[in-house]
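Presented below is the structure to which this report refers.
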Amino acid sequence: MKNLDFLTYLNVNVKTCTYIWKKLKKMSTKFKLLGSQPACIDLSLLLIRLAAGGFMFTHGFGKLQKLVNGNFEFGDPIGLGPEISLGLTVFAEILCAFLVLVGIFTRLAAIPLIITMLVAVFIVHGGDDFGKKELGLFYLINYFVLFLSGAGKYSLDRLILKK
């Protein structure tokens, strides 16, 4: 008797799970919310751009203020001099981050950001523990994804190039 109850229970649960799966699949196809649908990918790229561009823009704002105020005290991690290092960092963290944020020239704008994060993670914080490198690595991965994929449908690149 107990085996029969278990088999009945199992059969009911399989039918329930199958029913739920079919409903989710139908809903995801209808609204293109789940999976690798183009709308889902484009929305994901938009979110990556808004986060990676917006957060980096705010991260670089203090450096921009230093540059505008004529305070060139900055590290010289690759031997270009503190003034040039600060200028290049501000260029990447402000201008390029803004371009990524709005989605214009995204792949091109990602290159200076990738270089800046490589320098920050592997040279500036090269001897530090993982906790100091973590955020830089996260930015680096996001910018590399944007470099490979482009800005996506919800961007100025798409409006201008009309792809």
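The values are calculated or read from the model by the stated rules, or taken from the named source; none is laboratory data. Predicted model, so just to flag it, every value in this text is computed and none were measured. With ideal geometry, Cβ positions are generated from the backbone for all residues, glycine too; neighbour counts draw on all protein chains shown. In case anyone asks, the SASA skips ligands and DNA or RNA and just uses the protein heavy atoms, side chains included. Shrake-Rupley method; radii C 1.70, N 1.55, O 1.52, S 1.80 Å.
Dividing the alpha-carbon Rg of region 34-162 by 2.2 N^0.38 Å yields what?
1.11
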- Query: With every protein chain present, what is the per residue accessible area of region 34-162 (1.4 Å probe, Å²)?
  - Reply: 57 Å²
- Query: By average Cβ neighbour count within 10 Å, what is the ranking of 99-110, 40-51 from highest down?
  - Reply: 99-110, 40-51
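Can you list the GluC sites (Glu not before Pro) in region 69-163 that are in a DSSP coil and have 12 or fewer other beta carbons within 10 angstrom? Before the final figure, lay out the partial values.
Values: sites: Glu73, Glu83, Glu93, Glu134; in loops: Glu73.
When the GluC sites (Glu not before Pro) of region 69-163 are filtered for loop state and at most 12 Cβ neighbours within 10 Å, Glu73 remain.
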- Message: Could you check the spin-label model distance between Ile78 and Leu135? Points 7 Å from the Cα along Cα→Cβ, value in nm.
- Response: 2.1 nm
- Item | P(r) of region 34-80 over all Cα-Cα pairs, binned every 10 Å from zero, in whole percent | 22, 28, 23, 16, 11, 0
